[in-house]
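Before any comments, here is the structure.
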Amino acid sequence: MPAIAQNIKQIEDQLQQKARLIAVTKTKPVEMLEETYRAGLRRFGENKVQEMTAKYEVLPKDIEWHMIGHLQSNKVKYMAPYVSMIHSVDNFKLLKEINKEALKNNRVIYCLLQIFIAEEETKFGLSDEEAREILESEELTSLKNIKIAGLMGMASNTDDMEKVRMEFHHLKSLFETFKSYEKENVKMQELSMGMSGDFQLAVEEGSTLVRVGSAIFGAR
Ligand SMILES: *Cc1c(COP(=O)(O)O)cnc(C)c1O
């Protein structure tokens, strides 16, 4: 079995169907994505719109594309025709832009609110309070072409696994709290947390989607 397929199998064995695997293919050449596809995986994650769109255009159309990187509003239009889920929504203006472009394409785009859970200052995301404000806002009700399907977070980049666990635990409890905010376009069902170094922990803490790059493809 080729290495990529072997790695995917090993990770999926560990997930035990508790969470779904997204192969993070950023910076990887199309040949590796084809190998991933042949291994049976259909969920790919990228962090740059231009790179994702170039790959989308040449690869089979039954792939689900997940945008996991920090996003500028002016790039939304390029992926609106095909993107499955945007994990990195960190402001209301962006949500409105996604809604506008989804409407133009006659689609509903699934979005996750990215919550800042780590200690580092470099990571993007909303505070718990800012996320709550979005979920409570009157205007959100009018956005018919997006669906807020859950939350995403990145834990601190540290060897202190207790700290990482606490960050995931916090995100999971926020996710549970936000379940009471359900409305037509809000339903907390996906919790995107866990990467190569911490996905086992994330699954133990309730992740439904893990985003794994280097454990499948090797270091970037
Ligand atoms: C790159 C990236 C990942 C994957 O990281 P690995 O450590 O290679 O598994 C996951 N999530 C986000 C948001 C990323 O940018």
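The values are calculated or read from the model by the stated rules, or taken from the named source; none is laboratory data. Just so it is clear, the structure is predicted and the values come from calculations on it, not from any experiment. Note that each Cβ is placed from the backbone with ideal geometry, even for glycine, and that neighbours are counted across all protein chains shown. Accessible surface is based on the protein model in full, side chains and every heavy atom, while ligands, DNA and RNA are left aside. Shrake-Rupley method; radii C 1.70, N 1.55, O 1.52, S 1.80 Å.
For the chain, adding -39500 (n - 2.57) for each run of n ≥ 4 DSSP H residues and dividing by the number of residues yields -11500 deg cm²/dmol at 222 nm. Taken along the Cα-to-beta-carbon direction at a fixed 7 Å, the label points for K179 and E51 span 3.6 nm.
Packing order of peptides 100-112, 131-143, highest average first: 100-112, 131-143 (average count of other Cβ atoms within 10 Å over each peptide's residues). A protection proxy built from the mean count of other Cβ atoms within 10 Å ranks the segments 197-206, 144-153, most packed first, as 144-153, 197-206.
Averaging Cα coordinates gives a centre for the range 139-201 and one for the range 1-39; these two points are 23 Å apart.
Using a simple charge model, +1 on the beta-carbon of Lys and Arg, -1 on the beta-carbon of Asp and Glu, nothing else, what dipole does the range 3-217 show about its Cα centre, in debye to the nearest 20?
980
For the peptides 175-182, 79-86, 54-61, residues were scored by their other Cβ atoms within 10 Å and the scores averaged per peptide; the highest-first order is 79-86, 175-182, 54-61. Computing FRET efficiency as 1/(1 + (r/R0)^6) for N105 and R38, where r is the C-beta to C-beta distance and R0 is 35 Å, gives about 0.75. In this rough spin-label picture, where each label sits 7 Å from Cα along the Cβ direction, the S196-N91 distance is 3.1 nm. Rolling a 1.4 angstrom probe over the protein heavy atoms with all chains in place gives the chain an accessible area of 48 Å² per residue. What is the antiparallel percent of DSSP beta bridges lying wholly in the chain, to the nearest 5? Once the DSSP bridges in the chain are tallied, antiparallel ones form about 5 percent. Give, as ranges by residue number, the residues of the range 190-206 whose backbone N falls under 11 Å from the point 7 Å along Cα→Cβ of R165. Within reach of a label on R165: 201-202, 204-205. Placing dummy labels 7 Å off each Cα toward the beta-carbon, the span from E12 to E136 is 4.3 nm. On the chain, 48 percent of the accessible area sits on carbon and sulfur atoms, based on a 1.4 Å probe.
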